[in-house]
Amino acid sequence: MATQNNVHVSDELLAELQAKAQAEGRTVDELAEEALRKGLEERAWQDLLAYGLQTGRDPGYTEADVPAIVKNRRRMNAAQRR
């Protein structure tokens, strides 16, 4: 079950969403939810990449340390979602 929310977007973006949704035979809500989900997934990847770059710069880490570092980051992400 979805919760109804209000999101404010520019008139131009709404018109683009409406046109795209109509062309695909979908609702604006479906298209917006998909776009938001993809955007959040992309941000999560970018956060992980930034974390990896920063962690990789810390002295003393080797390639063998990478699996444990990734596992720790995934654990941190899961804890943040709770």
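The values are calculated or read from the model by the stated rules, or taken from the named source; none is laboratory data. Computed from a predicted model, the values in this text were never measured in an experiment. Every residue, glycine among them, receives a Cβ derived from its backbone with ideal geometry; neighbour counts consider all protein chains shown. For the accessible areas, the whole protein counts, side chains as well, though only heavy atoms, and no ligand, DNA or RNA atoms are used. Shrake-Rupley method; radii C 1.70, N 1.55, O 1.52, S 1.80 Å.
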For the structure I just gave you, tell me whether residue 4 is assigned to a loop (DSSP other than H, G, I, E, B) and open to solvent by 90 Å² or more (accessible area, probe 1.4 Å).
yes
Only one residue in 24, 33 is open to solvent by 90 Å² or more (accessible area, probe 1.4 Å) and either without any contact (Cβ under 8 Å) to a residue 60 or more places away in the chain or in contact with an Asp or Glu (Cβ under 6 Å, 6 or more places away or on another chain) (or both), so which one is that?
33
Restrict the check to the stretch 37-48 and report whether at least one residue is surrounded by 12 or more Cβ atoms within 10 Å (Cβ to Cβ), of a type outside the set (D, E, K, R) and at pLDDT below 90.
yes
Would you point out which residue out of 75, 26 is part of a helix (DSSP H, G or I) and basic (Lys, Arg)?
75
